[in-house]
Each structure stands twice: as structure tokens, then as C-alpha cells.
Amino acid sequence: MSALKLALWAFLSILGAIALAHVTGVLNPHEKVNGLWLVVAAACIYVLAYRFYGRWLARQVVQLDNRRLTPAVRLNDGVNFHPTNKVVLFGHHFAAIAGAGPLLGPVLAAQFGFLPGFLWLVIGAVLAGAVQDFIILVASMRRNGRSLPEIAHDELGSVTGTATAVAVLFIVVVALAGLGFAVVNALYHNGWGTFTIAMTIPIGFIMGFYLQRFRPGAVSEVSVLGVVLLIAAVLFGRVVAQSSFAWFFEFERPTLVWLLAGYGFLASVLPGWMLLVPRGYLSTFMKLGVVFLLGFGVILMAPTIEMPRITAFAHGGGPIIPGTLFPFLFITIACGAVSGFHSLVSSGTTPKMIEQESQAVVGYAAMLLESFVGVVALIAASVLIPGDYLAINTTLSAEALTAMGFAPSRIAELSQLVAGRCTARRAPAGRPGGAVSLAVGMASIFAALPGMSGLMAYWYQFALVFEALFILTTIDTGTRVARYLIQEMAGRVYAPFRQINWLPGVLLSSAFVVGSWAYLIGTGSISTIWPMFGAANQLLGTLALCIGTTVLIKMWKSPYLWVTAVPMLFVGVITLTGSYEMFGMFLAKAGTLAAGQAFALYLDAVLVAAVAVLGLIVLSDSMKQWYGYVVLKKPFTSSEVFATAGGAAAGRRQTVIGTCDDPKHFRLPSGGCC
């Protein structure tokens, strides 16, 4: 390493340490923190982690080798397998993993204070989330792009494979319910937002037909068309909201649930090019553009963080998330630090698009960028006065919040700024789910930019559209993924279900998925749905890290098992502890309600128990096999495929460990990363 590079890394390390000292209160502990310090600390840690830990994982642990042919090259069919430019590959992978979780989770977790959430976002992403995404991506890439359940079945047997398949289906349904709940509360009696979001559906159709039928390959034209129409929908939305037609877009919550379910069903059964793909493409512009604009706003305006470092709710009894900081902080943040959902992408489309093995580092890098999105969302929520933040994210009265020690301060002023001549029904207060408070915080930062002070209402609706596009992209994609899973499992009973395009199977499986998450939205609340989503997501993360540990064993990398085993154990303990506490809370609350109202909570308790049981089955079965492979030196087989340009055959490679192997020891990172 040259002296200049060494000086650069030293400078970033010192700058990151100073920023982190301000964030944690080591420096100026009695002063409010500037949001700029959070951005600087996170950015420095991410860059250093990618440069050193990420490179060490790539070079020493999995040993990426460009001499090995990837599935995109060997199996290139121009449809599912195709080599992709590394920049486009990164954009695809980030767009696929970056749903609404890193936006909403950190916002809801701000109830405990900004510091615990910030630390877990950064540390969890570097040591757990990014490691999981990267290891699973490499494992799938070296197994012809096979999915996570298929890898689990091949490497760990039918028990863990089946448990993984069930867990994947469970997390998708609960995740869609949690994200859909946020959309419903954001659009409830919001004619402006509802009109704008509704218009994105015909915009998606126009973009799809334009690119598929009228002007194939005209990506630039359809991009400009989509962005112009979206901006027009945002601007015209205010005209509609103030007109005599506003009532047509001001829906009650149950109506919004049905409309959302209808959209999910439509996106699941229609051809992907018609609605799913163009809407996802449109949302990518919004994702990257708004995130960087918000980061620029934080850097330029350096807003003060009003939320305390740690609140009294760390001990439990919070009005948003009722549990204690451990384990509910980690479960609530979910996707921003560790997301089992990412393992579906890392073993889905991305491994089929990698041209050279060295490009697999996008798995580590994209997770760091998503974690940065979570940090920015946390800042946007934390610039609000705590009383106003709680007034938006709960339905408690101002008197009740004042009694807790968090009196609302500017909620009436904020309501006037974001809703104009607002009524009680259109005010942002009393809209749980995180989406509205994030939109208000984002609008506050944007409106503070030079020349933007009078446009807060537009920024607020723009932020809601931004979040809703994030969420709806996850809803339509997730519904289709769950449909595939159900068809695959049902195909074991009735063969025609395995035909992805068999219309009765498509309709029945889509209806089942949509009905499941719509029911959870209609009968639940954010205090029940989001922790369930977090627990299910962390369970899948545990399973992915568990499978990653097995993959390392079968790569002869037992000395490095700690890179996946340690975060797996931590996330596993979080999931099981949280599931146990939620099970008790659901049963206790159900006992105070009438039979009809209690049914939904009893169902939630059963689902949470299922999460815990699945986790225990997978962990116990896997550890039993690890003991046999590592300690007892039992022989094993691996489904890894090895092929080079020199003509090595691609196929199933059998790997056997003999009892005479030299003993291996655990190794910590050293050398080779520079």
C-alpha cells in the first residue's frame, strides 16, 4: 500500500472516529447531535468496511476467481442467464433488495432513541447483513444460480430445505402485510396522495406497452416519459385534492386494503413487462434520486437531532413498539441491518447475471448502501420533536403523550404546512406505520433548502409517493414470489400447479397470497404486524447465515466459520427471544378481548410460535451435521459446480473429507486485504 493510500485510510478512520464520538456522546455529551455527524460516521465506516473487511472476505474466505466460469456465461440463454455490465448489475441488485424496510424500520425504532438504532444499522450491516448477502450470492453463483431453498435442500437435507421453503413463504406474506399497513395509513383520507399513487398504475401500463409494443429498446424515451408523467401526477394531485372530486379519492382504511389487494393480484397475474417491470424501473429513479437528494439536504443544512440518544421506552411500554429495546429494536429495524429477504435476491436473479466472479462483491456493497438509506431515514424521523413524532405514529391524544413526558409541540403547524387548509381527517397526526412521520421529516429537510420554504406540502406528498413506490414495488414483486412458492409446493400434490403459466394455478395461488396479507392488514395493527415481520425476516436471515456456514464448511473453510456463525447465533437469539415475548403479549392481549376480536391475536400467536419452531428445527439439524463434518470428519457431498475456460466439465462435484486431514484452526482477518 502506497503512503498516499495509507494516509487516506488513516484520515477516514480518524474522521469516522471523531464523528462516532459526537454521535455516541463521548464528545459534547450534553449537546444535541447534528445530523451531519451521523452521515459522516456511517459513510466512513461503510467505506472502510468495504475496502478491508469486504475485500478480505472476497480474497481469503470465498476466494473469488475470475478463471471460473459463472452461470451467466456457461448457461447464457439471453433470458434468465445473461452476463451483465457490473454497473448495471449493481443497480439491479440494489433496486431489488431496497424495499421499504430500511425506510420504515429505523423510523419506528426511533421510539427507543436514535443511538441504538444507528449503531445496529451500521454494525449489523457490516458484520451480518452484508456478509449474509455476499456469502449466499457466491454460494448460488457457484451452484448454477440455485435458490436458497434449493441450496438448503441440497446441502442440509429435506428437513432444513422444507423449513426454509415454509419460512420464505411466511416472511413474504407477513412482510407484505407490514408494508401494506404503512401504505394504507399514509393514504387514509389523503386524496392528493391516493390520486398520485393511483396514476402510477396507468403510467406503468403506458411505459410497458411503449417499450414492449410501440418502441422496443427505446429505454431513454420511456424513462423521460415516465418521470414527466409522475411529476405531473404529483403536481395535479393537489388540484384534484382541492376540487369537488376530492371525495372520490378519500377512502376509508378497509376500502384501501381491498384496493391494495386488487393491485397486488393484478400485478401477480399480468405479464411482468406490462406492469411489474415498468413500475419497478420507475421506482429505481425515485429511490436513488431521493436518497441522494435527502443525503445532500442533511449535509447542506446539518439539521439538529431532536430525538434523545436513548428514551425511557428502552425499558418497554412504548406506544409504538410495546417491547423492550432488546430484542425489539433489532426486530423492528430488520432490513436496514440484516434482511433474510435479501437472500432471496442473492439466490435469485443476481447470480444469473454475474459475468465474472469478482463482481459478486456487489452483494456486500449494495447492503451497505441500503443501510445508509436506513441511516438517512432515521435522521429524517429524528429531526422531529419527539412529541410530534409520537403524535404522528400513534393514535394517542396530546394529553396522553404529555403525561408520558413527550408533549406535542409543532404538530398543528406541521399539519398546516403539509396539508394546507387541512381538516382533522387529513392531518398527519394519528397515522401509525412510519411512512407519514418519515414523509414529514423528509419534507422538513427539503423545505429548509434555499428557495424551498413555501413548498413543504409538495415535498410531503412527493415523499409519500416516494415511499409508496418503494412499498408497492415490494408488494407486487413479493406477491409474485409467494405465488411461485405456493405453485411449487402445490405442484407436489397436483402436478399442473408446477406449470408457472397454468392459469387456474396462477389465479388460485395469487388469490391465496393476496387474501393472506390483506387479512393481516385488516385485523392487525403496526404494534403486532411489524414485530411479526421483523421476527420472520430475522428468522430467514438466521437460516441464510446457517446455510452460508454449511457452504463454508463444504468449501474447506472451517477456520473462517465465525464470519457467518457468530452473526447467525446473535440474530437467532434475537428471533427466538422476540418470538417468545411476542407470543406472551399476543396471548395476554387476546385474553382481554371478546372472542371475535381475539381470534386475530390468537392467529398471530400461532404464527409467531411457528417462526420459533422453524428456527429451532433448522438450527438443531444444521449444528448436528456441522459436528459430524468438522469434529467427527464424516464425509459429505457438495452441489458446488466448478468449471473453467480450460474445459473442465460443469456438474455436481463430490467432496469427501478424510480422517487424516490436517487439523485446521479458526483464523481472524490478517494480511491479504490490502
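Observations on the structure shown:
- Where a residue in the stretch 600-611 is closer than 11 Å to Met582 by Cα and its partner, wherever it lies, is basic (Lys, Arg), with Cβ under 8 Å and at least six apart: Leu601/Lys589
- Counted residues, the stretch 209-242 - those being part of a loop (DSSP other than H, G, I, E, B) and either open to solvent by 50 Å² or more (accessible area, probe 1.4 Å) or modelled with pLDDT of 80 or more (or both): 4
- Which numbered condition Ile310 fails, given (1) open to solvent by less than 50 Å² (accessible area, probe 1.4 Å); (2) at pLDDT 90 or above: (1)
- Looking across Leu64, Leu20, Leu48, Leu8, one residue alone is at negative phi and outside any helix (DSSP H, G or I). It is Leu64.
- Matching residues in the stretch 390-419 - criterion: being free of Cβ contacts under 8 Å to residues at least 40 places away in the same chain, open to solvent by less than 40 Å² (accessible area, probe 1.4 Å) and among the hydroxyl-bearing types (Ser, Thr, Tyr): Ser415
- Complete set of residues in the stretch 589-601 that are more than 13 Å from Pro531 (Cβ to Cβ) and either more than 30 Å from the chain's Cα centre (by Cα) or surrounded by 15 or more Cβ atoms within 10 Å (Cβ to Cβ) (or both): Ala590, Gly591, Thr592, Leu593, Ala594, Ala595, Gly596, Gln597, Ala598, Ala600
- Subset of the stretch 224-277 [of a type in the set (A, V, I, L, M), closer than 19 Å to Asn185 by Cβ and without any contact (Cβ under 8 Å) to a residue 24 or more places away in the chain]: Leu259
- For the stretch 612-659, a residue qualifies if it is of a type in the set (Ser, Thr, Tyr), open to solvent by less than 40 Å² (accessible area, probe 1.4 Å) and modelled with pLDDT of 90 or more, and the qualifying residues are Ser622, Tyr629.
- Any hit, the stretch 108-127, residues being closer than 28 Å to Glu355 by Cβ and either over 20 Å from the mean Cα position of the chain (by Cα) or touching a residue at least 40 places away in the same chain (Cβ under 8 Å) (or both): yes
- Whether a residue is farther than 30 Å from Ala246 by Cβ, out of contact with any helix residue (DSSP H, G or I) (no Cβ under 8 Å at 6 or more places or on another chain), in a helix (DSSP H, G or I) and not charged (D, E, K, R) was assessed, and Ile151 does not pass this test.
Results for (1) surrounded by 18 or more Cβ atoms within 10 Å (Cβ to Cβ); (2) touching a Ser or Thr at 6+ places or on another chain (Cβ under 8 Å), shown as yes or no for each residue.
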residue: Gly35; (1), (2): yes, yes
residue: Val47; (1), (2): no, no
residue: Trp56; (1), (2): yes, no
residue: Leu69; (1), (2): yes, yes
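- Checked across the stretch 516-530, the condition of being at pLDDT below 90 and more than 25 Å from Phe328 (Cβ to Cβ) holds for at least one residue.
- Restricting the first member to the stretch 345-361 and to residues that are more than 15 Å from Ala643 (Cα to Cα) and in a helix (DSSP H, G or I), and the second to residues that are open to solvent by 20 Å² or more (accessible area, probe 1.4 Å) and hydroxyl-bearing (Ser, Thr, Tyr), the beta-carbon pairs closer than 9 Å and six or more apart or on different chains are Val361/Tyr50.
- Only one of the numbered conditions (1) at pLDDT 80 or above; (2) more than 19 Å from Cys335 (Cα to Cα) is violated by Leu438, and that is (2).
- The listed residue being touching a residue at least 60 places away in the same chain (Cβ under 8 Å), in a loop (DSSP other than H, G, I, E, B) and open to solvent by less than 50 Å² (accessible area, probe 1.4 Å), out of Leu438, Leu449, Leu520: Leu449
- Residue check for Gly317: open to solvent by 20 Å² or more (accessible area, probe 1.4 Å) and at pLDDT 85 or above: yes
- When the stretch 309-323 is filtered for residues that are touching a residue at least 60 places away in the same chain (Cβ under 8 Å) and more than 29 Å from Phe462 (Cβ to Cβ), the ones remaining, listed by number, are Arg309, Ile310, Thr311, Ala312, Phe313, Ala314, Gly318, Pro322, Gly323.
- The stretch 71-81 - residue that is modelled with pLDDT of 80 or more and in a loop (DSSP other than H, G, I, E, B) and, of those, least open to solvent (accessible area, probe 1.4 Å): Phe81
- Within the stretch 479-503, being buried (at least 17 other Cβ atoms within 10 Å of the Cβ) and among the β-branched types (Val, Ile, Thr) holds for Thr479, Val481, Ile486.
The values are calculated or read from the model by the stated rules, or taken from the named source; none is laboratory data. Keep in mind that this is a model prediction, so the values were computed, not measured. Quick reminder, even Gly has a Cβ in these numbers, built from the backbone with ideal geometry, and neighbours come from all protein chains shown. Surface accessibility is based on the protein's heavy atoms, side chains included, excluding ligands, DNA and RNA. Shrake-Rupley method; radii C 1.70, N 1.55, O 1.52, S 1.80 Å.
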